[in-house]
Amino acid sequence: MKADDFLFGRRIRQNHALEHATITILSERVPDLSVSARSSSDGFIVFGDVDLGELRRASEEALHRLQAGEAELAIHPNCGTNLAVGVSLVTLGTLLALMSSQVRTRVATAAASSLAGWVAARPVGEYVQRHFTTLPDLQGVRVTEIARRKFFGLTYIDVRTVQE
């Protein structure tokens, strides 16, 4: 792993956008699709049983549509960013409520804060995706390889990209 993989650098954000767009398009084509994915500066990995040809066609369409300006494809409702933001908001709200000096209202305030964090998770998570964890500007990006691989008995699909 590279430092860029942890710091939301340009390449990881671009690949994250391509990952989302690819999974969105693949979901439209494959009923009951059940996959997860993870982006890196070299591309993204898909965990799940997916036909390689179908994945290639979906990734090529995703790349073309993002390059044509369909930036909304970069935002995915099931992104781990939404989960991380939601957990953070619920935890922060609950901790702040529990630090309250009013002992009688701590539990009610903690419950209300948790609920507010849960409700805000998706819109705030999508904001974070849009501005920090994805970058739909994929000019000069291309997919170089899509391959099924195994690691300790786990099968995954490696999608590699380059910036030209």
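Just so it is clear, none of the values below were taken in a lab; they were calculated from the coordinates. Treat the numbers as computed from the prediction; the structure is a model and nothing was measured.
When the chain is treated as a GNM with alpha-carbon contacts under 10 Å, the residue of GLN129, GLN14, GLN67 showing the greatest mean-square fluctuation is GLN67. Each residue of the range 67-75 was assigned a 3J(HN,Hα) from its phi angle through the Karplus curve 6.51 cos²θ - 1.76 cosθ + 1.60 (θ = phi - 60°); the sequence is 5, 7, x, 7, 4, 5, 5, 6, 9 Hz, with glycine and proline shown as x. Build a GNM of the chain with springs between Cα atoms under 10 Å apart, and of GLY93, GLY117, GLY140 the one that fluctuates most is GLY140. Taking square-rooted eigenvalues a ≥ b ≥ c of the alpha carbon gyration tensor, is the range 102-164 rounded, prolate or oblate, where a/c under 1.5 means rounded and, failing that, a/b exceeding b/c means prolate? Note, shape of the range 102-164 comes out oblate. When all alpha-carbon pairs of the range 80-130 are counted, what percent fall beyond 19 Å? In whole percent, the long-distance tail amounts to 29. Computed over the chain, the per-residue total of -39500 (n - 2.57) for DSSP H runs of n ≥ 4 gives a 222 nm mean residue ellipticity of -16500 deg cm²/dmol, rounded to 500. Springs between Cα atoms under 10 Å define the GNM used for the chain, and in it the highest mean-square fluctuation of VAL103, VAL90, VAL35 occurs at VAL103.
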